[in-house]
Amino acid sequence: MTEEVLENNQLGEKLGEVNYHLNKEQDSKELSSNIYPVETKIYAINNIDISKAIAVVNEEGEIIKLVAEE
């Protein structure tokens, strides 16, 4: 996760939403999060491969960039 907030025009297509809230990071499932609640929207970012970064819209309506771990 980053602190980087994106603008609406940077969002690509909707990829889905968080379906599972996890208590521990190592319990990972597809479309899951240990930070964001269920139903958090997940998006591609324009001109960035989804294997590198995606974005979520948090509870405050901010668009947050999430960067894949290297």
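The values are calculated or read from the model by the stated rules, or taken from the named source; none is laboratory data. Worth saying up front: this structure is predicted, and the values here are computed from it rather than measured. Glycine also receives a Cβ, built like all others from the backbone with ideal geometry; neighbour counts cover every protein chain displayed. These area figures cover heavy atoms from the full protein model, side chains too; ligands, DNA and RNA do not enter into them. Shrake-Rupley method; radii C 1.70, N 1.55, O 1.52, S 1.80 Å.
Quick notes
- Residues in the range 1-23 that are modelled with pLDDT under 80, polar (S, T, N, Q) and either open to solvent by less than 100 Å² (accessible area, probe 1.4 Å) or touching a Lys or Arg at 6+ places or on another chain (Cβ under 7 Å) (or both): T2 only.
- When the criteria are applied in full, I42 meets the requirement of being part of a strand (DSSP E or B) and at pLDDT below 95.
- Pair list, Cβ under 6 Å, 6 or more apart: the range 32-54 residue more than 13 Å from L66 (Cα to Cα) and open to solvent by 60 Å² or more (accessible area, probe 1.4 Å), other residue charged (D, E, K, R) and at pLDDT 90 or above: E39/E17
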